[in-house]
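**Q** Quick one: structure below, then a few questions.
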Amino acid sequence: MSGFIICFLIGLGGSLVYLLRRKKSVKEISLFVTFSLLGFIVWLSIFLGYKVSPDRFFGWIIDSIGL
């Protein structure tokens, strides 16, 4: 599981650098980070044996940001 966490952090960091260099909007970056962290939580719940379904939260985020 520590390998997954390390790979996730490296991927998240690289993606953030890419988004910042491309001068993407703050909405797009925050949406990406939010979805990435939710996906991370879902994978951790799978590894730990819990069941988490963030579908409602995804819908709320999309509606509140206005995409």
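**Q** What is the residue count in region 46-67 for residues that are of a type in the set (A, V, I, L, M, F, W, C) and touching a helix residue (DSSP H, G or I) at 6+ places or on another chain (Cβ under 6 Å)?
**A** Summing the residues that are of a type in the set (A, V, I, L, M, F, W, C) and touching a helix residue (DSSP H, G or I) at 6+ places or on another chain (Cβ under 6 Å) in region 46-67 gives 3.
**Q** While we're looking at this one, here's another question. Output the residue which, of all residues in region 1-47 that are among the polar types (S, T, N, Q), at pLDDT 90 or above and closer than 20 Å to residue 59 by Cβ, is surrounded by the most Cβ atoms within 10 Å (Cβ to Cβ). Quick ask: steps written out before the conclusion?
**A** Residues of region 1-47 among the polar types (S, T, N, Q): 2, 15, 25, 30, 34, 36, 45.
Now drop any that are not at pLDDT 90 or above, which leaves 15, 25, 30, 36.
Filter once more, so that each one left must be closer than 20 Å to residue 59 by Cβ: 30, 36.
Numbers: 30: 12, 36: 15.
It comes out as 36.
The values are calculated or read from the model by the stated rules, or taken from the named source; none is laboratory data. Because the structure is a prediction, the values reported are computed rather than measured. Positions of Cβ are generated from backbone atoms using ideal geometry, with glycine treated the same way; all protein chains shown enter the neighbour counts.
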